[in-house]
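The values are calculated or read from the model by the stated rules, or taken from the named source; none is laboratory data. Just so it is clear, the structure is predicted and the values come from calculations on it, not from any experiment. Methodologically, a virtual Cβ is constructed for each residue, glycine included, from the backbone with ideal geometry; neighbour enumeration extends over all protein chains shown. Note: accessible area is taken over every heavy atom of the protein model, side chains too, but ligands, DNA and RNA are not part of it. Shrake-Rupley method; radii C 1.70, N 1.55, O 1.52, S 1.80 Å.
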Protein chains: 4
Amino acid sequence: MRSLSRIAFAMILLSGFTLLTSLRLKTQKVIFFGDSITQAAVKPGGYIVRMKEALTQKGLASDYELIGAGIGGNKVYDLYLRMEDDVLAQNPDIVFIYIGVNDVWHKTLYGTGTDIDKFDKFYTAIINDFLDKHIRLILCTPAVIGERTDFTNQQDGDMNAYSQVIRNLAQKFHCGLVDLREIFHNYELANNPGNKESGILTVDKVHLNDAGNQLVAEKMLETLLNK
Amino acid sequence: MRSLSRIAFAMILLSGFTLLTSLRLKTQKVIFFGDSITQAAVKPGGYIVRMKEALTQKGLASDYELIGAGIGGNKVYDLYLRMEDDVLAQNPDIVFIYIGVNDVWHKTLYGTGTDIDKFDKFYTAIINDFLDKHIRLILCTPAVIGERTDFTNQQDGDMNAYSQVIRNLAQKFHCGLVDLREIFHNYELANNPGNKESGILTVDKVHLNDAGNQLVAEKMLETLLNK
Amino acid sequence: MRSLSRIAFAMILLSGFTLLTSLRLKTQKVIFFGDSITQAAVKPGGYIVRMKEALTQKGLASDYELIGAGIGGNKVYDLYLRMEDDVLAQNPDIVFIYIGVNDVWHKTLYGTGTDIDKFDKFYTAIINDFLDKHIRLILCTPAVIGERTDFTNQQDGDMNAYSQVIRNLAQKFHCGLVDLREIFHNYELANNPGNKESGILTVDKVHLNDAGNQLVAEKMLETLLNK
Amino acid sequence: MRSLSRIAFAMILLSGFTLLTSLRLKTQKVIFFGDSITQAAVKPGGYIVRMKEALTQKGLASDYELIGAGIGGNKVYDLYLRMEDDVLAQNPDIVFIYIGVNDVWHKTLYGTGTDIDKFDKFYTAIINDFLDKHIRLILCTPAVIGERTDFTNQQDGDMNAYSQVIRNLAQKFHCGLVDLREIFHNYELANNPGNKESGILTVDKVHLNDAGNQLVAEKMLETLLNK
């Protein structure tokens, strides 16, 4: 009985090791689901490219496959409409949702922004569908429309309010959170003494410059690896 | 054999008659799915109340059950979100969809109108879900935001464009159509020589007065009974 | 010679006294130039009525004539268009300018808000015309559109930015300043722990309740008497 | 006496001839006061350049000096603010005012369009100042934001309404009128059978292509020469 139990013990160890190995070897598919900021992130210098480079440096290149799924002008409605085709069809393990700028911005730009209650409802519907598939979700708050630090950017009120909706959703559904709104604000307080509208982390008040892409890449990677 | 065939024939006749009777006796459940215009339609003088009265006069009161499902401020997104709870759960036989005013109006009123491409997509999603349940659909174009006849009402361009989307959907999916946009325009050409903004068919450029409710009731009833 | 000089001395004293008396007796005409908030200020409980009551209590009722010149919906353009008829024609000694809410709010409400550069230019034109007539000017920043304290009110970005324009103008042209934006924010931080949208100083996010009228009256009076 | 009267008669004739000559030789200074459409009109192929070429062909090159005074993004408020420096300071004989597109468009684009009543008032103020200087005025209605012929362009309602304001002003103040709104609509009905949004007279729904510049040049020249 003893020898038998030893063999059983060895087998359990072995199967556990195999399981661990297979877990380590299984490449995690990560999709970044968002708007033009994410669309640009797969270009040289973009935040997804920078994340890949950082993973390579850490020897984790084969652990994660990073896929961009950003389309310019997208709002939460657009993500809802295309999540089946553009995300779920690819069977991702992890999804970053990075949306909200156009939901706020299009109010003044086209008159077709998103009511805050419907931002909540459609975002919730997306989360529910992803969680049904046991996908690990990491939500991002929209960073900035204008980099001034004294809350005089036209959309600051809404940007703060819609970011709060996302923080609440992350908490409610136990999702990861990359709070870019807060991260950017703290960075600006330290690095934008002239209260400039753009040029610190963005090229045009919204889209990321090199420093912006680097900051987003670092914070997303931190959250990705911090399981 | 002969007597048997006669009996069989009589039974077929009888069952056919029973079927006919049950068809005639089966009350059709009709839901009006819309915004504040439809919300007001169940009040005295409202277009749903007028339709009920007209059905009673025609001796058809027991053939149709008319149910209002209008909520003020609704856009196509809202109908999409609540169609399951507020319409499908009631198992209707027929649904009138009367939406579009707020999709256009909220562009200027709140900055949260509906992009025309998304108006099309979410309207299509609603139609698809209803047709899956074999519900008879009757679509209505939004009538007016302002009653001036010379296309100088601020939202006339969009009202014409969004109405065209609905006409195309009605044709594509073989739905019924009550083209209130055209019906109102023709009525105004005949009855609004002073080019007034309101007071002919509406109380406030949008919501129906008695004449407006009567006109909508007549045209909807015509389409309902014209199978 | 002595008696003559005494008489002369007495006459000088007398004329000086007369001068002083006439200075004290000259009633200062004060016009409050603004929008619906100022239009409501002449009603019972309004901030102008409260200022009158406070002046009476201080025995200064005859020193100041307070006149409301507020019209609902006014933006800086409207003040510019009607300043001749509604203010200058009355030869005021002192003018409070209290404008800005609609310049910001009408962006989302009607699509006809005021560009910030034109807000500056037309406000400057008004100031120049008033200073040409040697009128003492006291500028007020717009208080709030929404009372939440964490800068999540939709218009907070613009409200902060347009207030800054007014602060700069007050400094540049050496006008008085009642910085209602800051005054309200500090009051809310102390008295709105629940981060409510309205009900602390306003009835509806914009228009003043009793506490709001009282606060405005106190701060305006302080600035008026603090020459 | 006879010879004297003959000399006098000859002198009168002569002076009359001199007067006529000087009238014919006096170059008329014509300023085109407007927005980006007029700013582009001084470039090769632009409508002002085309008018100069047409005047040269007619041998009238020395009769008219054509000067562009268009600035991109201008609304009626901007014309009002810069009319002194940019137009009156140049002592023009004739001014074309061609404004209105941005007054309508900026409603949806920035939320800072022009209320129709203020469009009327500030336009009137400009006309009054120009007429005080005995300048011949020719008003132009804004042509198009979108070239579709069935009034489904988003801004058609406002474009029609604001054009009507300009027509009324032209009539009231006895100014010339180039009704580009109507001219373009008629041209589109004949030349845009596919109901296209752009490409017939514009490159982008608003700014003129070659055909558009040619049409505007012809119609403006016609009005300029038709005293």
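I need the full set of residues from segment A:145-197 which are on the phi > 0 side of the Ramachandran plot and of a type in the set (A, V, I, L, M, F, W, C), in order please.
Just the residues of segment A:145-197 that are on the phi > 0 side of the Ramachandran plot, to begin with: A:146, A:151, A:174, A:195.
Matches in segment A:145-197: A:F151 only.
Could you please find all residues in segment B:174-223 being open to solvent by less than 20 Å² (accessible area, probe 1.4 Å), over 20 Å from B:Q154 (Cβ atoms) and part of a strand (DSSP E or B)?
Selection gives B:V178 alone.
Tell me whether segment D:1-19 contains one or more residues that are at pLDDT 95 or above, open to solvent by less than 70 Å² (accessible area, probe 1.4 Å) and assigned to a helix (DSSP H, G or I).
First pass over segment D:1-19, keeping only residues at pLDDT 95 or above: none.
No, segment D:1-19 contains no residue that is at pLDDT 95 or above, open to solvent by less than 70 Å² (accessible area, probe 1.4 Å) and assigned to a helix (DSSP H, G or I).
Can you tell me how many residues in segment A:50-85 are over 18 Å from the mean Cα position of the chain (by Cα) and among the hydroxyl-bearing types (S, T, Y)?
Residues meeting the conditions: 2.
Using the structure shown, decide if A:T141 is open to solvent by less than 10 Å² (accessible area, probe 1.4 Å) and touching a residue at least 12 places away in the same chain (Cβ under 8 Å). Please lay out each step first, then the result.
Details: open to solvent by less than 10 Å² (accessible area, probe 1.4 Å): yes; touching a residue at least 12 places away in the same chain (Cβ under 8 Å): yes.
Criteria met by A:T141.
For segment C:148-175, give me each residue that is within 10 Å of another protein chain (Cβ to nearest Cβ) and touching a residue at least 60 places away in the same chain (Cβ under 8 Å).
Once the filter is applied, which keeps residues that are within 10 Å of another protein chain (Cβ to nearest Cβ) and touching a residue at least 60 places away in the same chain (Cβ under 8 Å), segment C:148-175 yields C:Y162, C:S163.
Here is a yes/no grid of residues against (1) in contact with a strand residue (DSSP E or B) (Cβ under 9 Å, 6 or more places away or on another chain); (2) over 25 Å from D:Y110 (Cα atoms); (3) hydroxyl-bearing (S, T, Y):
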{"position": "B:T124", "(1), (2), (3)": "no, yes, yes"}
{"position": "B:L139", "(1), (2), (3)": "yes, yes, no"}
{"position": "B:N153", "(1), (2), (3)": "no, no, no"}
{"position": "B:I166", "(1), (2), (3)": "yes, yes, no"}
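Is there a residue being open to solvent by 50 Å² or more (accessible area, probe 1.4 Å), within 14 Å of B:Y162 (Cα to Cα) and among the charged types (D, E, K, R) anywhere in segment B:101-118?
Filtering segment B:101-118 down to residues open to solvent by 50 Å² or more (accessible area, probe 1.4 Å) leaves B:105, B:110, B:116-117.
Filter again for within 14 Å of B:Y162 (Cα to Cα), leaving B:105, B:116-117.
Retained after the next criterion (residues that are among the charged types (D, E, K, R)): B:117.
Looking through segment B:101-118, at least one residue is open to solvent by 50 Å² or more (accessible area, probe 1.4 Å), within 14 Å of B:Y162 (Cα to Cα) and among the charged types (D, E, K, R).
Residues checked against (1) modelled with pLDDT under 95; (2) crowded, with 17+ Cβ neighbours inside 10 Å; (3) within 15 Å of C:K29 (Cα to Cα):
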position: C:R50; (1), (2), (3): no, yes, no
position: C:K58; (1), (2), (3): no, no, no
position: C:A69; (1), (2), (3): no, yes, yes
position: C:D78; (1), (2), (3): no, yes, no
position: C:M83; (1), (2), (3): no, yes, no
position: C:D86; (1), (2), (3): no, yes, yes
position: C:P92; (1), (2), (3): no, yes, yes
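Sort out which residues of segment C:148-163 are part of a loop (DSSP other than H, G, I, E, B) and surrounded by fewer than 24 Cβ atoms within 10 Å (Cβ to Cβ), and write them in order of number. Steps first, please.
Of the residues in segment C:148-163, the ones part of a loop (DSSP other than H, G, I, E, B) are C:148-155.
Passing the criteria: C:R148, C:T149, C:D150, C:F151, C:T152, C:N153.
Which number in (1) open to solvent by 20 Å² or more (accessible area, probe 1.4 Å); (2) closer than 30 Å to C:D158 by Cα; (3) acidic (D, E) marks the one condition that A:D129 misses?
Only one criterion is unmet by A:D129, namely (2).
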